[in-house]
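Before any comments, here is the structure.
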């Protein structure tokens, strides 16, 4: 099987590609900067370095919020032809904190109380009735960037004045005391394959590793594991990082990262997450191909009016190592039966099967 990783060429992507090579016959490293989509009439063409994108059995797409719309469009166009672990909407949802909040709310997933105001005046009214400290953040951004801490109304009001000049929407969120820690749960399919706790540095409130935080492995309880998996499914990402705060009210989800780095989770847990991802992608691609062949056979069968007549069909055989599993439609047209004996004639590029007659 042939696979590809579409990314910005990070170290995490390199690790994933190397791990995938242990399972797939071929794995291509595609840089998102060389991808383009051409629209013309009712057709769209995906090009890579100016050439039509080859066909892949599996494509694992990931990238920062700057490429969210491109990744969503790409996935919509490819989805159904290749196995893709991240759904189209996940790229725009996971990269927008407000959209993430909406999807988590729909799925009844606990999260911090969050406000979004349409005007500076409305925001100031919200600030006047809140308990402090609070968090103020931009809807888009990763690695803790765009997250501001206000310990009083005065400091929040000053931040508000500064934000008004940026002319960007922002969120106001309750602050949950966790001792400067948060949890990153790494979800792959229906499992949390690794988790670690991040602790903010002395001069920081953000626990992100990129903001100077430190990490340590943590064993999550069953409720928190179920919460992380449920959150991943809510946004349509089979592979993602789910950030969780564990306060006195229990665990709450604060963010979902559809393109999480592997350096931190590998360093602090010792788990080879890249290998877990590669194995999951291989298993799901195998399942996808099997189901895809089944649907193709059903479609062919539905177009055949009389299976007693000779039919010429073009389809992709299902290779099982050095063996070939015949499509159901071929077996039905030829009326092949398990109890009969058959004569096989093989030439290069050709196989003939006939019922053996004594």
Notebook entry, point to check: Which of these, 182, 81, 222, has the largest mean-square fluctuation under a Gaussian network model of the chain (Cα springs below 10 Å)?
Noted result: 222
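Percent relative contact order of the stretch 113-175, based on C-alpha pairs within less than 8 angstrom and at least six residues apart? Working shown, then result.
On the way: 84 pairs, mean separation 31.5, N = 63.
Averaging sequence separation for qualifying contacts and normalising by length gives 50 percent for the stretch 113-175.
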Next item on the list: Report relative contact order for the chain in percent, whole number only (criteria: Cα-Cα under 8 Å, sequence separation at least 6).
Entry: 14
Check: Highest GNM mean-square fluctuation, the chain, Cα pairs closer than 10 Å: which of 244, 218, 159?
Finding: 159
Check: After finding the eigenvalues of the alpha carbon gyration tensor for the stretch 208-269, what semi-axes result from the square roots of 5 times each, listed largest first in whole Å?
Finding: 19, 16, 11
Item checked: the stretch 113-175: radius of gyration and largest Cα-Cα distance (Dmax), Å -> 10.5, 29
Margin query: Could you tell me how far the Cα centroid of the stretch 175-201 sits from the Cα centroid of the stretch 8-55, in Å?
Written below: 30
Note to self: I'd like the distance separating the alpha-carbon centroids of the stretch 220-246 and the stretch 68-99, in whole Å.
What the structure shows: 18
Item checked: P(r) of the stretch 26-79 over all Cα-Cα pairs, binned every 10 Å from zero, in whole percent -> 20, 61, 18, 0
Checklist line | Options (i) 29, 27, 20; (ii) 50, 22, 18; (iii) 29, 24, 20 - which one matches semi-axes √(5λ) of the Cα gyration tensor in Å as calculated here | finding: (ii)
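Test of understanding: ordering 227, 166, 71 by Cβ neighbours within 10 Å, fewest first, what list do you get? Mind dumping the intermediate values first?
Values: 227 22, 166 9, 71 26.
Fewest-to-most Cβ neighbours within 10 Å comes out as 166, 227, 71.
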Checklist line | Principal-axis tilt of helix 97-106 within the chain, Cα atoms, nearest 10 degrees | finding: 70
Next item on the list: Counting other beta carbons within 10 Å of each Cβ, put 153, 282, 319, 60 in order, fewest first.
Entry: 319, 153, 282, 60
Check: What's the long-distance tail for the stretch 43-120, i.e. % of Cα pairs beyond 19 Å?
Finding: 49
Notebook entry, point to check: To the nearest 10 degrees, how steep is helix 11-20 against the longest Cα principal axis of the chain, on a 0 to 90 scale?
Noted result: 30
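Can you pull the percent of Cα pairs in the stretch 2-93 with separation above 16 Å?
Numbers: 2242 of 4186 pairs.
For the stretch 2-93, the fraction of Cα-Cα distances above 16 Å is 54 percent.
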Margin query: Please rank 66, 129, 124, fewest neighbouring Cβ atoms within 10 Å first, as an exposure proxy.
Written below: 129, 66, 124
Next item on the list: Would you calculate, for the chain, the mean residue ellipticity at 222 nm contributed by helices, counting each DSSP H stretch of 4 or more residues as -39,500 (n - 2.57) and dividing by all residues, to the nearest 500?
Entry: -10500 deg cm²/dmol
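We did not get these values from a lab; they are worked out from the coordinates using the rules stated. Quick caveat, the model's predicted, so the values are computed rather than measured. All Cβ positions, glycine included, derive from the backbone under ideal geometry; neighbour counts span all protein chains shown.
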